[in-house]
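Contents: one structure, followed by commentary.
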Amino acid sequence: MESTSWLDDVLSILASSRRRTILAVVDDAEGWMSLSTLAAAVFTHERSGRAGALSPFAIRTVETSIRHTHLPVLVENGIVEYDRNRSAVRAADIDRLSPLFGFIRRIEADGKRPSNVGENRFRS
């Protein structure tokens, strides 16, 4: 993370809801996790509360997104490690994103939007 500032980098990493889900799953896992297991967990989380079968095609689609869109960002920033030979990931330095990541996880787990978000407190 050597661009404009630490906060800009963290916000950029956490801007994607799928990337936050990936981070939560990897953070909760113990050790290495296969990409297909990660993809299934991400798919299940994203579909929670909605109909939709966990099909091999759906898992491959999510896995492709993880591999080509999200992993490069997370690996480049040292947040996760990726073993290409095993097609597996594990947490590396997720703590770098704290406390902001923890705060976002609590908000998302609660499922409610904080009452003051979206208010324009600077109106005249």
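Structure notes:
- Selection from region 2-37 of residues that are touching a residue at least 12 places away in the same chain (Cβ under 8 Å) and in a loop (DSSP other than H, G, I, E, B): SER16, ALA29, GLY31, TRP32
- Of residues in region 38-56 being out of contact with any Lys or Arg (no Cβ under 9 Å at 6 or more places or on another chain) and in contact (Cβ under 8 Å) with a residue 24 or more places away in the chain, the one farthest from ILE79 (Cα to Cα): HIS45
- Residues of region 56-81 satisfying the condition of being surrounded by fewer than 17 Cβ atoms within 10 Å (Cβ to Cβ) and not in a helix (DSSP H, G or I): GLY78, GLU81
- Residues of region 57-107 satisfying the condition of being among the aliphatic types (A, V, I, L, M), more than 17 Å from LEU38 (Cβ to Cβ) and free of Cβ contacts under 8 Å to residues at least 40 places away in the same chain: ILE107
A short reminder: the numbers here are calculations on the coordinates, not readings from a lab. Bear in mind the structure is a predicted one, so any value in this text is a computation, not a measurement. Cβ: placed from backbone, ideal geometry, glycine included. Neighbour counts: every protein chain shown.
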